[in-house]
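The values are calculated or read from the model by the stated rules, or taken from the named source; none is laboratory data. Keep in mind that this is a model prediction, so the values were computed, not measured. Here the Cβ positions follow ideal geometry from the backbone for every residue, glycine too, while neighbour counts run over all protein chains shown. Ligands, DNA and RNA are excluded from the accessible area calculation, which covers all protein heavy atoms including side chains. Shrake-Rupley method; radii C 1.70, N 1.55, O 1.52, S 1.80 Å.
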Amino acid sequence: STVSKNSLKTSLLQLECHFTWTLLKQHVSLEALEETIVDHIKFVKEFNITDYNILSYVCHLKNSNEEALRNLKKAEEAVQKYHPGEIARRSLVTWGNYAWIYYHMQRYEEAQTYVSKVENSCKKLSSIVDGKIQLPEIYAEQGWASLRFGCNYFERAKNCFEKALKSEPDNPDFSAGYAIAMYRLEYCAARYGRYCEETRSCVEVLKWAVELNPKNTTLLALLALQLQQLRRADEGERYIEEALQITPDLPVFLRYAACFYRKKGEVDKAVEILKKALALTPKSVFLHHQLGLCYKFKIFQLKKTRYIPQEKVENLIQLAIFHLKTVVDKKPVFVSAHSDLANTYALCKRYEEAEEIFQEVLQRKNLSCGEKQEIYLNYGNFQHFHMKSESKAIKYYIEGLKIEEDSYGRRKCREAVETLLKQKIESRLGDATDIATLGLVHNLNGEKQKAIECYKKAIALDPNNEEYRNALFELQLSI
């Protein structure tokens, strides 16, 4: 062809668009992501350019390039409608995506046309620095795309919005993106990583974003959830009530409002809100997950009462399982939903089904450290409380501890295994093995002195055990 494929590829890699932002499909479930975006397009019109662009990329990942082109056309229409005065500036990402999709379809002439369009516009906008396109809108666009691709990308999203804000510190859209990225990072850190000192600053960032976007009820709800986390739930609830007045029918907001009430313990209210949202967006994985959690909580509560209306429990079990199964089928990468489903099976004594789910997830190769720790914790709990196997529970809690990264799951594994071992040892049912295992736990937690004491006690009870002697010897060497 007249267009050289190699020089075209070089130019394509210079573009700023979804194809050059390394958004990998193994981190998402494409079906679920597509449904989320389609729902968003329906309810949040001012976001259409961003949504159609990412939707076109998702279509490409699903090998439907024709569909991808149709979505780019819609992105262009949205630019003309919402930004008629800045067409070039607002179309750079869309044109970049066009170029890449035509390239993948081996329509090189058309790809080259779009590459030239971007290059000429950038010259006019003088937005090229060191050969890279630099515009705040484009950083923001990358930020929103990163938020859609999950936990692995939240840090990047935050950095993108930070860069965009450097040029326009009071831009409502950039501040909203920055606040949402902070909120999600904080949430993931609490769940999968270090305890964050950032919670307080996250509240400040959300308050600032709310000031710039007083009608953005998603931000109001996230602020409420963040305040709830800081034990300022009454203050938070005022924001939820205010937001319910502004957008009583916005599913994105309603799902967070429901989270707020579920965490407050008002589960029936949460269910009512979730059902309303699900009627508006019936495919939403998030809503199915929240409903499953609510029903699971209600089963748990009923099990504690003396006279259980069996029919009511059965009905709740059916509901919880239906919603959680929907989630794991639609979004296999959602690891904690698998634990939620397995735990629900365990609650109603369907142990084989629970075991099957745990085994499938335990054998996965691509889990993050935090996800592994969470699954070891849940499986340990299952062995301990449902299968009544203390030895297996101890084994899996320790697997969670062996992964050094600090997380909620690791801290819980540590508490659980220490409590179990100390109870056995103190009740005199513990033997040398339990004492040595406690030594191992202390060692994994970096408490070497305590570990040494445990191994010495274990050796006193079982003097010929080579393993304990070696462990003690290595510990003494390492101090």
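Odds and ends about this structure:
- Pairs, first under 13 Å from Phe253 (Cα atoms) in region 264-277, second open to solvent by 80 Å² or more (accessible area, probe 1.4 Å), C-beta under 8 Å, six or more apart: Lys276/Asp249
- Within region 1-40, tally of residues that are open to solvent by less than 70 Å² (accessible area, probe 1.4 Å), in a helix (DSSP H, G or I) and within 28 Å of Gln134 (Cβ to Cβ): 11
- Pairs with Cβ under 6 Å, 6+ apart, first in region 37-63 and under 14 Å from Ala145 (Cα atoms), second open to solvent by less than 10 Å² (accessible area, probe 1.4 Å) and among the hydroxyl-bearing types (Ser, Thr, Tyr): Asn53/Thr94
- Selection status of Phe385, among the aromatic types (Phe, Trp, Tyr) and open to solvent by less than 50 Å² (accessible area, probe 1.4 Å): no
- Of the residues making up region 400-428, those that are loosely packed, with under 14 Cβ neighbours inside 10 Å and in a loop (DSSP other than H, G, I, E, B) are Glu404, Ser427, Arg428.
- Subset tally (residues that are over 23 Å from Leu420 (Cβ atoms), outside any helix (DSSP H, G or I) and either in contact with a Cys (Cβ under 8 Å, 6 or more places away or on another chain) or open to solvent by less than 100 Å² (accessible area, probe 1.4 Å) (or both)) for region 437-479: 1
- Residue pairs whose Cβ atoms lie under 7 Å apart, sitting 6 or more positions apart in sequence or on different chains, and linking a residue in region 22-36 that is closer than 17 Å to Phe154 by Cβ to a partner that is open to solvent by 60 Å² or more (accessible area, probe 1.4 Å), are Gln26/Asn366; His27/Asn152; Leu33/Arg148.
- Subset of region 232-249 (residues that are among the β-branched types (Val, Ile, Thr) and either open to solvent by less than 50 Å² (accessible area, probe 1.4 Å) or closer than 16 Å to Lys269 by Cβ (or both)): Ile240, Thr247
- Selected residue [surrounded by fewer than 16 Cβ atoms within 10 Å (Cβ to Cβ) and either free of Cβ contacts under 8 Å to residues at least 12 places away in the same chain or in a helix (DSSP H, G or I) (or both)] from Glu155, Glu186: Glu155
- Which listed residue is without any contact (Cβ under 8 Å) to a residue 40 or more places away in the chain and either open to solvent by 20 Å² or more (accessible area, probe 1.4 Å) or assigned to a helix (DSSP H, G or I) (or both), from Ala342, Ala346, Ala337, Ala354: Ala354
- Check on Ala68, among the small types (Gly, Ala, Ser) and buried (at least 19 other Cβ atoms within 10 Å of the Cβ): yes
- Any hit, region 295-318, residues being open to solvent by 10 Å² or more (accessible area, probe 1.4 Å), within 25 Å of Phe43 (Cβ to Cβ) and touching a His at 6+ places or on another chain (Cβ under 9 Å): no
- Look at (1) more than 23 Å from Lys325 (Cα to Cα); (2) in contact (Cβ under 8 Å) with a residue 24 or more places away in the chain; (3) touching a Phe, Trp or Tyr at 6+ places or on another chain (Cβ under 9 Å); (4) surrounded by 20 or more Cβ atoms within 10 Å (Cβ to Cβ) and you find that Val285 fails only one, number (1).
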